[in-house]
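One structure, pasted below without further comment.
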Amino acid sequence: MYFFTHKSSGKKYVGSSNDLARRFKQYFDKDTLFNNKNIGLLLPLIDKEGLSVFTLEIITIPTSYPKDSHLFLEQYHLLDKSHDLNTHRVVNFR
């Protein structure tokens, strides 16, 4: 689970992944899945202002927890309106 916080505005984004390296590659590598960087609120803001205007907090979920614990925790945070850089409010549980 990870949180981006825009330093000057306090705007937040929450996300989760069972493979954080892959997820960040999807965000920032132009040749991967999320190649349309104009989608949502986080990526255009990163593109415009750079990563240095954000803090990044990463929370690891122990492997002893149930398989989809990170998804339930992400959904909990998405219900908090302070995560105002998220455009989707429902986690894809696949």
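The values are calculated or read from the model by the stated rules, or taken from the named source; none is laboratory data. The structure displayed is predicted, hence computed values, not measured ones. Quick reminder, even Gly has a Cβ in these numbers, built from the backbone with ideal geometry, and neighbours come from all protein chains shown. Heads up: the accessible areas ignore ligands, DNA and RNA and are worked out on the full protein's heavy atoms, side chains in. Shrake-Rupley method; radii C 1.70, N 1.55, O 1.52, S 1.80 Å.
Between D47 and F93, what is 0.36 nm times their sequence separation minus the Cα-Cα distance? Round to one decimal in nm.
Values: separation 46, 0.36 × 46 = 16.56 nm, distance 2.82 nm.
Answer, rounded to one decimal: 13.7 nm.
Okay, moving on. Over the chain, calculate the relative contact order: mean separation of alpha carbon pairs under 8 Å at least 6 apart, over the residue count, as a percent.
Details: 107 pairs, mean separation 37.0, N = 94.
Relative contact order here is 39 percent.
What accessible surface, in Å², does a 1.4 Å probe find on T60, ignoring ligands, DNA and RNA and rounding to the nearest 10?
Approximately 120 Å² of T60 is accessible to the 1.4 Å probe.
Amide H of F54: which non-local residues (sequence gap of 5 or more, or other chain) have their own amide H closer than 5 Å, using H built in the peptide plane?
Hits under the 5 Å cutoff: K7.
How large a share of the accessible area of the chain, in percent, is made up of carbon and sulfur atoms when the probe is 1.4 Å and the other protein chains stay in place? Can you show the working numbers first?
On the way: 3550 of 6390 Å².
On the chain, the fraction of accessible area on carbon and sulfur atoms equals 56 percent.
Sort T63, T55 by accessible area with a 1.4 Å probe, largest first.
Details: T63 145, T55 70 Å².
So the residues, ranked largest to smallest area, are T63, T55.
Let me ask another. Enter the accessible area per residue of the chain (Å², integer; probe 1.4 Å; all protein chains in place). It would help to have the intermediate numbers written out before the result.
Details: 6390 Å² over 94 residues.
Roughly 68 Å² per residue, with all protein chains present.
Report the label-to-label distance for T55 and I39 in nanometres (one decimal), using points 7 Å from each Cα along the Cα→Cβ vector.
For T55 paired with I39, the spin-label model returns 2.9 nm.
May I ask for the angle, rounded to the nearest 10°, between helix 69-78 and the longest principal axis of the chain, with both axes built from Cα atoms and the value confined to 0 to 90°?
50
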